[in-house]
Each structure stands twice: as structure tokens, then as C-alpha cells.
Amino acid sequence: MKLSALQLARYAYQPKLPGMLRGGIGEICVKNGEPTQSVADQEKIAALFPNTYGKNEITFCKGENTAPAKRQVVGVILSGGQAPGGHNVICGLYDALKATDQENVLYGFKGGPSGLIDDDYIIFDDEYINAYRNTGGFDIIGSGRTKLETEEQFAIVAENCKKHGINALVIIGGDDSNTNAAVLAEYFAANGSGIQVIGCPKTIDGDLKNEDIECSFGFDTATKTYAEIVGNIQRDANSAKKYWHFVKVMGRSASHVALETALKTQPNICLIGEEVAAKKMSLAAIADYIADSVAARAAKGWNFGVAIIPEGIVEFVPEFSVLIAEINELLAGAKADAFNALPTWEEKYAFIEKGLTKESMAVFAILPQSIQQQLFLERDPHGNVQVSLIESEKLFSEMVKANLKARKANGTYSGKFSALHHFLGYEGRCAFPSNFDADYCYSLGYNAFMLIQYGYTGYLSKVSNLSKPAEEWVAGGMPITKMMNMERRHGADKPVIRKALVELDGAPFKFFQAHRAEWAVETCYVYPGAIQYWGPSEVCDATTVTLALEQNK
């Protein structure tokens, strides 16, 4: 296999560890913090996790390592969607494990959680690990979205671990995966299996965060990748001066990716779903807001611009959420078969018209036909609309076009409007990790082993103070239950990690809010360029604008 020069050079990069994790495993001790409680529903969460709830947060420090010496056999999985840096979590875990004792063993279970159930694994060695250092992707062992949530599954996992002598599992994933990790840890503790479970916070969406988890890994690299592309599109728009580019970016349940990309590039428009929901903005109001920017720029002779649209925006629009709920009900059960059997769109439209309320039909009627039809594409496993399939970038460009046509008719707009569309998704999930993510992920993996060595379970590997140089980062752990609340899922109350949405009173959004009026009318584009790996630290090691603003740096 031919390797690129960059790939070869990245293999040689030595990730930076927090100061307290440098200098040898034998020089790392533990400092206990305060007992914890869940973010909400404390009594219910405590009742569900009697063996793992309320434990102390801990911090690692320089000092004598007092962990009992024993051979460690550890298993690791990658769970959920890819995020840059996942390979380095495994590399950091492997290096710490081997630095402690060369006889320690690391099993990699293939294809995510299903690998634990199917007992499909490899045993890592130096040669295998070295081929994945500082590289993007999850191809080292693959990933998957199987949920570990039933006692039958837990029993199979326990039996497979027992067969290999595995005493700890590391689950690298997002909020759902780490919820599953907490439940699995509780099961193992309740049944005296002796198997520890440690989680690592992964998601490019940026919604696995709180006062302890300052940033999920992969977010930095993904947003830098998207910002490079948006910057390139802005340069092209400013060169050709004849297109409005509507760019959809990842972020189904929160708008962190859109906001960070906007902070990096200063586009004319960036929609923030959380603000749309708070203001109860209609589709027409959003279209009018974008059209205002188009018209103001056209008045200056600039018939071009860039708008960033978060992937899950339509779910934040109250009237659209109601419409989706009614469509889900309309096509429940056998009614879906009756709808699908209709031969023409006209007949299907009549079926829809009879089944929706007057208010929702009014919303449906203003949608472009292509979007109307997307609402009736293949359902998800629960029979619901797959919102991610809706081309919201095209929805809003079409609605803006109609809005501008009306303005032209009444003499308030005389410009030209031509739209181009982009969806930036998979481009950011497997990029070579930035130096920040390479360092952060390696530290998370190394730190995960320290949590294992000291006997913790149901904990999340935690590295904080991330806006500072890596030497000043703080490594430790927190009980996963601290992030939990109860939510209604599939007709039942379940413990889940609370998703972190964009805070409208937070420093990143306030900065954006203070500048967006100027960006909407003027051409204030920033062109971030490609991720840099060598050069000044302020260029190569800088973290997200979001994190810098949150920590006032």
C-alpha cells in the first residue's frame, strides 16, 4: 500500500500529554474531589445506579502511584459515527498499558458494540498500532451503532470478557454510547463480575459537553475542515460575485458545528436552531430574515453571499415539528401501506390534505414539492420521518427565491438571485486530526488506562483546561451518572446523558449575535485555510473559537 507523505509524517508525531501524565506511570497519583449527583432526577437516577451513583470526581497529580500491581487485560470499542482522533484514543490507551507492563494486553472488538457480543476481535501489537497513529477514521477496528441495553446482551459481553480474562472495557462514543457504558458498568458492579467500564467523550456535533467535559473529541478537526471549505466557497463567491451559496453542516440535535464554523469564517447568514426555537420562528420568518440580507447586499451591487444551515434546523421550527408529528401519526401502522399504494403524487397529496390539520396543511403547502416528497421518503425504524434526509439548504433557498420574487413585484428588490447548494457532512468525520485532537485524544486514552489501573468504573475519561497549552491540561475522571437525566424514549422513561445545546446566553453565541448584523450586509469573510500541523503553536495547536470564548481566552 502506498502511503502519502503526510501520513508518514503524522505517524512520527508525538502527541502532547497533560503535565501530570508525563514522566512515567509510576509517578501518577490520585486526588479525590467532591461526591457527585446527576444533573436532574437525582432520586430516579440514584435508584437505577445504586452501585455506581454519587462517586467522587477525581484528578490525577504528580506523586507516587499507589495502584495495586496486576496484569491488565483491557478491551476497547469504537461506537457510533466516526470522529477524528478515535485512533489516538486507542493508541494512548495502548501506550499507557504497555508502559506499565509489557505483558498487559489490549483487545480491539470489531464493528462497535456488536463485536463484544459476537466476540469478534483482534489483539493489538506495536506494528498494528503504529500504522494508525495520528490518523483519521475508525478503520483500526471499525465502529457500529448496536446499543448495549439489555441484560441478555450484558450477560453475553460478561461471558466473552471472562473467556479472555478481560478486566476492563473502554467505550469510545457519544452520549448514547456513554449512557450504555454507565448501564453496563452498573450491571457488572451489581453482578460482581469484576469488569470495569470507562467511557471517552466523542462526537463531532459538540453536544456532549458540560462544566466537566469542555469539548468532545473530533469537534475541533471537523469544524476546522468545514471552515476551510466554507472559506474556499466564500473566496469563490467573492470572486465570481454571482451566487448565493447555501451550506448545510452536520449537527442534528444542536447547532454547535454551525456556530463554530460561522465564528471561524464570518458568513453572511448562519441559522442557530436553538435561537429559532426560542423565538418560535416560522419557516416564512426565517426566509424573510435571509432575504433581508440578500436584498441589502444587492442594493450594494453584491448579488452573492453565503448562508450556513445546521442539519437539524427544521426540527427547531415549532410549526415544522408539529407538521412532522402529524405526518408520523398520519402514516402510522397500516395507513402507511395505503399511502404508498397510491400511484400518483396528486393522489398522495389529496390523502395528505385530508389527514393534516388546517394549520399544518398551510405549512406543508408552502414547501417546494421536492421537500414535500422528502417528508414521505423511507421511514426510520420507529416509523418516523427521517429529518436528516430533508434538504433544508434547498428548502430555504427556494423559499428565499419566492420571497424575493414578491419583493421584486412590489418594487423593494431589484437584484439577481442564483443559489448553489452544499452539504458538508462526511468530509469532516475522518479527517487527519488536528494537533489539538491528536493530543486531546491520546490524552483521553492514556488517562482511561489510569482510571482502570486505579480501579474506577462507570467513569468518563476527562481532560480539562483545554484552552491552555497541553502542559496545563488537567486529567482525571467523573462518574458518567453526573451527566444524566430522565427522558422519554420510545414510550418509556430512560436515563440518558443530557445533550448540550447552544446556550443563547453563552459567550460564543453572544459574540456571534454582536457581529452578525454587520456580516449579513458587508463582506467580512475570513478564509481559515487548511489545518496546519507544523509551525507556530498559535496556528497549529489552537483550539476552537467556541472554547476560547467560553474560557475568556
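The values are calculated or read from the model by the stated rules, or taken from the named source; none is laboratory data. Source: prediction; values computed, not measured. Cβ coordinates were reconstructed from backbone atoms using ideal geometry, including for glycine residues, and neighbour counts include every protein chain displayed. Remember, those area values only see protein heavy atoms, side chains included, never the ligands or the DNA or RNA. Shrake-Rupley method; radii C 1.70, N 1.55, O 1.52, S 1.80 Å.
Spatial offset of the range 138-207 relative to the range 340-410 amounts to 40 Å, using the alpha carbon center of each. Here's the picture: charge each Lys and Arg Cβ at +1 and each Asp and Glu Cβ at -1 in the chain, and of ASN130, GLY199, ALA291 the one pushed furthest to the positive end of that dipole is ALA291. Each residue of the range 295-306 was assigned a 3J(HN,Hα) from its phi angle through the Karplus curve 6.51 cos²θ - 1.76 cosθ + 1.60 (θ = phi - 60°); the sequence is 5, 5, 6, 4, 5, 8, x, 10, 8, 8, x, 9 Hz, with glycine and proline shown as x.
Run the numbers on the chain and let me know its relative contact order in percent, using alpha-carbon pairs under 8 Å that are six or more apart.
24
Please state, to two decimals, what the Cα-based radius of gyration of the range 206-271 comes to when divided by 2.2 N^0.38 Å (N = residues).
Rg over 2.2 N^0.38 Å, computed on Cα atoms: 1.23.
Normalised by the number of residues in the range 474-522, the mean separation of alpha-carbon contacts (under 8 Å, six or more apart) gives a relative contact order of 20 percent. Listed by chain and number, the lysines whose C-alpha is less than 21 Å from the C-alpha of LYS354, apart from same-chain residues fewer than 8 away, are LYS335. Could you tell me which residue out of VAL89, PRO15, SER38 lies farthest along the dipole of the chain toward its positive end? Charges go on the beta carbon: Lys and Arg +1, Asp and Glu -1, centred on the Cα centre. It is PRO15.
Among the GluC sites (Glu not before Pro) found in the range 145-249, those both in a DSSP coil and sparsely packed, with 12 or fewer other Cβ atoms within 10 Å of their Cβ, are GLU211.
With the charge dipole of the chain set up from +1 on Lys and Arg Cβ and -1 on Asp and Glu Cβ about the Cα centre, the Cα lying farthest toward the positive end among the listed residues CYS540, THR344, PHE396 is that of PHE396. As a fraction of the 1.4 Å probe accessible area of the range 129-250, surface on carbon and sulfur atoms comes out at 47 percent.
Over the chain, DSSP H runs of length four or greater, each weighted -39,500 (n - 2.57), average out per residue to a 222 nm ellipticity of -13000 deg cm²/dmol. With all protein chains kept in place, the per residue accessible area of the chain amounts to 41 square angstrom at a probe of 1.4 angstrom.
Surface composition of the range 58-116: carbon and sulfur atoms hold 48% of the protein heavy-atom accessible area at a 1.4 Å probe. If you take the alpha carbon atoms of the range 336-424 and fit the smallest convex hull around them, that volume is 135 Å³ per residue. Restricting the range 245-344 to GluC sites (Glu not before Pro) that sit in a DSSP loop and have at most 13 other Cβ atoms within 10 Å of their own Cβ leaves nothing.
If you put +1 on each Lys and Arg Cβ and -1 on each Asp and Glu Cβ, how big is the dipole of the range 405-464 around its Cα centre, in Debye rounded to 20? That gives a dipole near 700 debye. Between amide H atoms placed 1.01 Å from N, distances below 5 Å from VAL306 occur with HIS245, ASN268, ILE269, all of them 5 or more places distant or on a separate chain. Sequence-distant or interchain residues sharing an amide H contact under 5 Å with VAL197, placed H: which? Excluding prolines and chain starts, which carry no amide H, the hits are LEU169, GLY458, TYR459.
Translational diffusion of the range 418-553 was estimated from the Stokes-Einstein equation, with Rh taken as the Kirkwood radius over Cα pairs; at 10 °C and 1.306 mPa s the coefficient is 85 µm²/s. Each Lys and Arg contributes +1 and each Asp and Glu -1, all at the Cβ; summed about the Cα centre of the range 99-178, the dipole is approximately 120 debye. The three principal axes of the Cα atoms in the range 381-447 give end-to-end lengths of 64, 37, 16 Å, sorted in falling order.
Surface composition of the range 460-512: carbon plus sulfur atoms contribute 51% of the solvent-accessible area (1.4 Å probe, protein chains only, all chains present). Name the long-range amide H neighbours of GLY33: under 5 Å, sequence gap of 5 or more, or other chain; modelled H, no Pro or chain starts. Result for GLY33 returns GLU57, ILE58, THR59. With everything on Cα atoms, drop me the angle between helix 435-453 and the longest principal axis of the chain, reported from 0 to 90° to the nearest 10. Taking the Cα atoms of the chain, the angle to 435-453 is about 40 degrees. Give me P(r) over the range 1-51, computed from all C-alpha to C-alpha distances, binned every 10 Å, as integer percentages. Spelled out per bin, shortest first, that is 16, 20, 18, 24, 17, 5.
Charged side chains reduced to their Cβ positions (Lys and Arg at +1, Asp and Glu at -1) give the chain a dipole of some 1260 debye around its Cα centre.
Remark: C-alpha extents of the range 19-152 on the principal axes read 46, 40, 28 Å, sorted largest to smallest.
Stretch GLU151-ASN51 to full length: gain in nm at 0.36 nm per residue minus the Cα-Cα span?
Here the answer is 34.4 nm.
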